[in-house]
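Okay, structure first, notes after.
Derivation of every value follows stated rules applied to the coordinates shown; laboratory data play no part. Predicted model only: the values in this text are computed from it and were never measured. Every residue, glycine among them, receives a Cβ derived from its backbone with ideal geometry; neighbour counts consider all protein chains shown.
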């Protein structure tokens, strides 16, 4: 009797034990293999410049093998599909690190082909491919990519835009923007076409949130073609008809900005900014509004009132480092205007201590030195630059891998330059080119190196080398013409 | 009559235990237990494969969450699962193995003989008593080592003193363990009933509290850093490959062959000395 029960329990146990999700084992194995490839990728990301060609090849092979092995299962297992997609993206990132743009495009083509049924991923793949073409300044190709994405979903998008990723709705205006950036003929018509598309959808929609977004796109299309009045008219319509939506403070800010920077109607700008600060005092646009009102008062020499506006930002947005740092820097400027040197420097010092991870704080130590130098206080200026060197070194010691690290290195180089330590300055700037070549600081580093070689070290060949590299790598650099002139002078 | 150990006897116990190492047969119970521990570890590492998946997957999902079924998250709970299953293994099979080892050692110390199967039969014949003593001892030790830190978190939060409380409860837990240290030996060697065995253990402990604590402390302190590191999965996973957790647990299993050996041999020898044998 006992034996019978024993056998029966054994069968029940085996029955439970053998009933398992057959995908689990495959998913687990896929996760383990992806993890191994991911580790290799992470190691490479720590110092891409130091990685050899073989490191890149090995890492790429790991992801490629992963894709080849699991792509067949990506339709059946959601988890495997996620991993395969991530493997594709990592592969593209690897090519991006190596600046192999054609290969990136071929990866995106593969993604588009393989994941045609996943709208979100497909949209992202198209957008990424188009942005590579934009980087290569191949605007026609970028537009062709966007258009092929748009054509794919145009009909359905018109009927039910909420079914699709929000980015898809922006594609028509993006096409127009690319055409404008590439100075292609007919960009105005493209804006008009985008606008007409949005207006067609607006007629069919009734949900407030959808309408606000669509009206904003229409307003942007007017603003980007210089039709400011019409843009303001649309934005006003949003702020009055859809006052309950969270977008309103942003819309009011947009109107204020158009009045301020495009139509030069300062009074109107202040009216709109005030609407934000009164109705939505703690919303992020309120901080910007206070800052802009302060700036306008500052320009009009109403320094004390300007300072009061800036102080309101610090009071209301103390925990929002970026806003607070901008305000504090501007307070320093108001003291400068009143020739109150002690208080001005005090504000900059506070800035460094209180909000170290902001752009304003990052430039503050050198700014103090330059300010003193500008006022003819050369001894004090030298001391300030020496202090700046210490501070940047301390910062680099403390924040070894912060997003601000390249900027801190550049500032350290600038401080060395001011102290006449040109070789040290060059060494620091070259660190940016070697270790942070994919950051924004690289452009400034090229310019800085060119200037130091040209003006201080009188090494004309090196200066020409860096200026030429700058123009070649960053043709859209805002001061490209000035650099071009300097290059011609040197030649 | 319970004798109090002298320092000379304390050293003699260590010498005897080291000499016994020459007879690999005496290690077999511990090798057997380590083998079972490796099986548990293998089962936990292959939780996603049949036949383990049918049992482990729903349990992990229910008690820890879906995310721990994925690589490398499963390594976060691996030491916890291993330690708990190991505790269960000790209760169900470990008590027999320890009983068997005690019998083999006592025989060996007495007349240089150690019969494997006779010892196994002896331990099996006293199975329920051994389990009961193990249960009382484990509950008492866990009340201190697990309950202490939990109470601290409940009342004071996981603040700066938490680590100190963890360490302190470990040392106090060893004292509790020391009180029950001779009960199993009494059951196996003298065939005592549960209450008598517990009384006997207490009496020997009272007379020889310091040496008993040392016999328990040394093996435990050797293995503790590895156990502790394996339980700090967050730290281990952030610094090393997830496999490191497995290597640490394997180290614990291998080390425990010797630490368990010394724990059981020294206490058995001490019991015999205390009884005047």
Mind checking B:47-60 for the average number of partner chain beta-carbons within 10 Å of each residue's beta-carbon? 5
What full-extension length gain, to one decimal in nm, is calculated for residue B:232 and residue B:156 as 0.36 nm per residue of separation minus the Cα-Cα distance? 25.2 nm
According to a simple spin-label model (label point 7 Å from Cα along Cα-to-Cβ), what is the distance in nm between residue A:315 and residue A:209? 3.5
How long are the three semi-axes of the equivalent ellipsoid of the stretch A:395-491, in whole Å, if each is the root of 5 times an eigenvalue of the C-alpha gyration tensor, listed from largest down? 23, 16, 9
Relative to the longest principal Cα axis of chain B, at what angle does helix B:7-20 sit, 0 to 90 degrees, rounded to 10? 70
What is the Cα radius of gyration of the stretch B:77-173 over 2.2 N^0.38 Å, N being its residue count? 1.45
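Using 1/(1 + (r/R0)^6) with R0 = 25 angstrom and r between the beta carbons of residue B:222 and residue B:50, what's the FRET efficiency to the nearest 0.05?
Numbers: r = 38 Å, r/R0 = 1.51.
That gives a FRET efficiency of 0.10.
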Cα-only Rg/Rh for the stretch A:191-265 with Kirkwood Rh rounds to 0.96
Relative contact order of chain A (C-alpha contacts under 8 Å, at least 6 apart) in percent is 5
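For residue A:53 and residue A:439, what does the FRET efficiency come to when R0 = 22 Å and r is the distance between their Cβ atoms, rounded to the nearest 0.05?
Taking R0 as 22 Å, the efficiency between residue A:53 and residue A:439 is 0.45.
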Once the stretch B:7-274 is represented by equal point scatterers at the alpha-carbon sites, with solvent omitted, what log10 I(q)/I(0) does the Debye formula produce at q = 0.09, 0.16 Å⁻¹? -0.45, -1.30
On a 0 to 90 degree scale, rounded to 10, what angle separates helix B:95-111 from the longest Cα axis of chain B? 30
Gained length - residue A:393 relative to residue A:78, 0.36 nm times residue gap less alpha-carbon distance: 108.6 nm
Hey, any idea what Rg/Rh is for the stretch B:170-247, computing Rh the Kirkwood way over Cα pairs? 1.21
Set the Förster radius R0 to 41 Å, insert the Cβ-Cβ distance between residue B:207 and residue B:254 as r into 1/(1 + (r/R0)^6), and round the FRET efficiency to 0.05. 0.75
Which value, in Å to one decimal place, does the Kirkwood hydrodynamic radius take for the protein assembly as shown when every pair of different Cα atoms is included? 33.7
Per residue of B:68-77, other chain Cβ atoms within 10 Å number on average 3
Modelling each spin label as a point 7 Å along the Cα-to-Cβ direction, I'd like the residue A:301/residue A:354 distance in nm, to one decimal. 2.9
Angle between chain B longest axis and helix B:127-145 axis [Cα atoms, degrees, rounded to 10]: 60
What nm value, rounded to one decimal, do you get for the distance between residue A:282 and residue B:244 when each label is placed 7 Å out toward the C-beta? 4.3
Once the piece of chain linking residue A:148 and residue A:185 is laid out straight, how much longer is it, given 0.36 nm per residue of separation minus the C-alpha distance between them? 11.4 nm
Taking only C-alpha pairs under 8 Å that are 6+ residues apart, what is the relative contact order of the stretch B:162-277 in percent? 25
For the stretch B:7-274: relative contact order, % (alpha-carbon pairs under 8 angstrom, 6 or more apart): 24
